[in-house]
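The values are calculated or read from the model by the stated rules, or taken from the named source; none is laboratory data. Model, not experiment: these values are computed from the prediction. Here the Cβ is made from the backbone with ideal geometry for all residues, glycine too, and neighbour counts use every protein chain on show.
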Amino acid sequence: MSTVAARYAAALRESGGTLEELRRTADYLTECAPLWEALCSPAVEVREKHAVLDRLPDFTERENLLHFYKMLAEKGRMALLPEIVDAYRLLELHANKEGLCTLRCARELDEKQLGELARLLCRKHGYQAMTMEIVIDPAVLGGFVAELDGITYDKSVGGQLHALAQSLQKG
């Protein structure tokens, strides 16, 4: 996640927008391919992007969100919107003392394993709760790779094999 996206998310959160409103309107924009391409395109003039945003029916209830989207269009940063939504979600979780861990594993872990891992990561990072996003990745082979707060914990068979290969190459 880029620093720019994190800054935009923080500014939007301070302005009083909610994650639900941001998600709903961002989904509206990104799920319509022609609309999204036009809003992200440098070939489309800013005034035309503003005119399109002004005509969208779901944007009338939150004036600050409409202004936010117009600002992204003016700065040529509309393509950052999915990243901004992710950054906003992370800010919300952290405000509630909750972490977000992306867990890559070859197969689903059972509830007991997930709970133990979540408790361990909470203690290590000072969170009261942990949201686990699980990605099934056969390349992991076994074990898991956990990513949390920019730190990667590689406890995978694939990672161990890679480390062994590097060790053998070094002599």
Out of contact with any Leu (no Cβ under 7 Å at 6 or more places or on another chain) and assigned by TED's automatic domain parsing to the domain that holds SER15, is that true of VAL85? no
Go through (1) under 15 Å from TYR69 (Cβ atoms); (2) touching a helix residue (DSSP H, G or I) at 6+ places or on another chain (Cβ under 9 Å) for VAL4 and report which single condition fails. (1)
For the stretch 141-152, which residues satisfy the criterion of being under 10 Å from LEU103 (Cβ atoms) and not charged (D, E, K, R)? PHE144, VAL145, ALA146, LEU148
Entirely in the stretch 87-171, the strands (runs of 3 or more DSSP E) that have 2 or more residues that are over 22 Å from the mean Cα position of the chain (by Cα) and farther than 26 Å from LEU12 by Cα: 151-156
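Do we have any residue at all in the stretch 60-70 that's closer than 30 Å to LYS124 by Cβ and not assigned by TED's automatic domain parsing to the domain that holds THR152?
Start the filter on the stretch 60-70 by keeping residues that are closer than 30 Å to LYS124 by Cβ, which leaves none.
Taking every residue of the stretch 60-70 in turn, none turns out to be closer than 30 Å to LYS124 by Cβ and not assigned by TED's automatic domain parsing to the domain that holds THR152.
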With respect to the numbered conditions (1) in contact with a Gly (Cβ under 8 Å, 6 or more places away or on another chain); (2) under 30 Å from GLY16 (Cβ atoms); (3) among the charged types (D, E, K, R), which one is the sole condition not fulfilled by ASP86? (1)
Quick one: is VAL52 exposed (fewer than 14 other Cβ atoms within 10 Å of the Cβ) and either in contact with a Leu (Cβ under 9 Å, 6 or more places away or on another chain) or β-branched (Val, Ile, Thr) (or both)? no
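So which residues in the stretch 12-35 are without any contact (Cβ under 8 Å) to a residue 24 or more places away in the chain and assigned to a helix (DSSP H, G or I), if there are any at all? Outline the logic, then answer.
Looking only at the stretch 12-35, we keep the residues that are without any contact (Cβ under 8 Å) to a residue 24 or more places away in the chain, and these are 14, 18, 20, 27, 31-35.
Of everything in the stretch 12-35, those that are without any contact (Cβ under 8 Å) to a residue 24 or more places away in the chain and assigned to a helix (DSSP H, G or I) turn out to be GLU14, GLU20, ASP27, ALA33, PRO34, LEU35.
Sort out which residues of the stretch 111-136 are touching a Ser or Thr at 6+ places or on another chain (Cβ under 9 Å) and touching a residue at least 24 places away in the same chain (Cβ under 8 Å), and write them in order of number. It would help to see each step written out before you state the result.
First pass over the stretch 111-136, keeping only residues touching a Ser or Thr at 6+ places or on another chain (Cβ under 9 Å): 118, 132-135.
Within the stretch 111-136, MET132, GLU133, ILE134, VAL135 qualify.
Residues checked against (1) at pLDDT 95 or above; (2) surrounded by 17 or more Cβ atoms within 10 Å (Cβ to Cβ); (3) not hydroxyl-bearing (Ser, Thr, Tyr):
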residue	(1), (2), (3)
GLU63	no, no, yes
PHE68	no, yes, yes
GLU83	yes, yes, yes
CYS105	no, yes, yes
GLU108	no, no, yes
ASP149	no, no, yes
